[in-house]
1. As a test, work out the antiparallel percent of DSSP beta bridges whose residues both lie in the stretch 1-66, rounded to the nearest 5.
2. Would you mind getting me the FRET efficiency between Glu112 and Thr46? Use the beta-carbon distance for r and R0 = 41 Å, nearest 0.05.
3. Which lysines, if any, have their Cα less than 22 Å from the Cα of Lys68, not counting same-chain residues under 8 positions apart?
4. Looking at the chain only, what percent of DSSP beta bridges run antiparallel? Nearest 5 please.
5. For Rg and Dmax of the Cα atoms in Å, pick the label among (1) 19.8, 63; (2) 37.0, 128; (3) 15.3, 52 that corresponds to the value derived from the coordinates.
6. Size of the dipole of the chain about the Cα centre, Lys and Arg at +1 and Asp and Glu at -1 on the beta carbon, nothing else charged, in debye to 20?
7. Highest mean first, how do 107-120, 58-71, 30-43 rank when packing is the count of other Cβ atoms within 10 Å averaged over residues?
8. For Asn82 paired with Glu22, estimate the spin-label separation in nm (one decimal), with each label point 7 Å from Cα along the Cα-to-Cβ line.
Amino acid sequence: EKPAPPNVTITFCVDTSSSMNEENREKDVKKGVTDVLDNATQVTQTIKDASINIAVVGFSDHATIIHKPTPIMSDTLQGIKNAVNGYRSNGCTDLYAGLIKAVETMETLKKEGATHTLILLTDGEVKLTSQQIQQIHQRLAAMDGRLF
C-alpha cells in the first residue's frame, strides 16, 4: 500500500533582531529557509497530491508577517524567496510576540490531517514566563502542532 502524500504546514518564526547581523546569522537563516523551500518545491513537483504550505513570521521589537501562508508550487517559490531574502534585521528581541504571531498564522493554516510544524530560528535566550509558555503550548496542542 502506498503511503499518503505529504500534507504539511510549516511556519518559520525568524528572529530579525539586530544581533542576527553578527556572525552571518541572518544570512545563515535565510539560506536555511530557502533550502527548505527548494526541497519542499521538489516534493510537491515529484509526489502527486503533496500539499506543503509555508509561512514566515519575523520578530524583533514586534512581530510581522514576512510572507503570508502560501502553498508551495513552482510559481510561488520565487515570491517567498524574495520576501525571505528581503527582510533586514534590527531592533530588540520580543520572542513572545514572534511566537504568538507565528501560532496565529499556524491557526489560519490548520487543516484536517495535516502535520503542523513551527520552526523557531533565534540566537536569543528564551525569556518567557511559565504562563506565556503554557499559552503557546495549549494553542499548539489544540491543532496538534509541533515546535522545533
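The values are calculated or read from the model by the stated rules, or taken from the named source; none is laboratory data. Keep in mind that what you see is a predicted model, and the values were worked out from it rather than measured. In this analysis, Cβ positions are derived from the backbone assuming ideal geometry, glycine residues included, and neighbour counts consider all displayed protein chains. These accessible areas exclude ligands, DNA and RNA; they are computed on the full protein's heavy atoms, side chains included. Shrake-Rupley method; radii C 1.70, N 1.55, O 1.52, S 1.80 Å.
1. Of those bridges, close to 25 percent are antiparallel.
2. 0.95
3. Lys27, Lys30, Lys31, Lys81, Lys101, Lys110, Lys111
4. If I count the DSSP bridges inside the chain, around 25 percent turn out antiparallel.
5. Given (1) 19.8, 63; (2) 37.0, 128; (3) 15.3, 52, the calculated one carries the label (3).
6. 260
7. 58-71, 30-43, 107-120
8. 3.4
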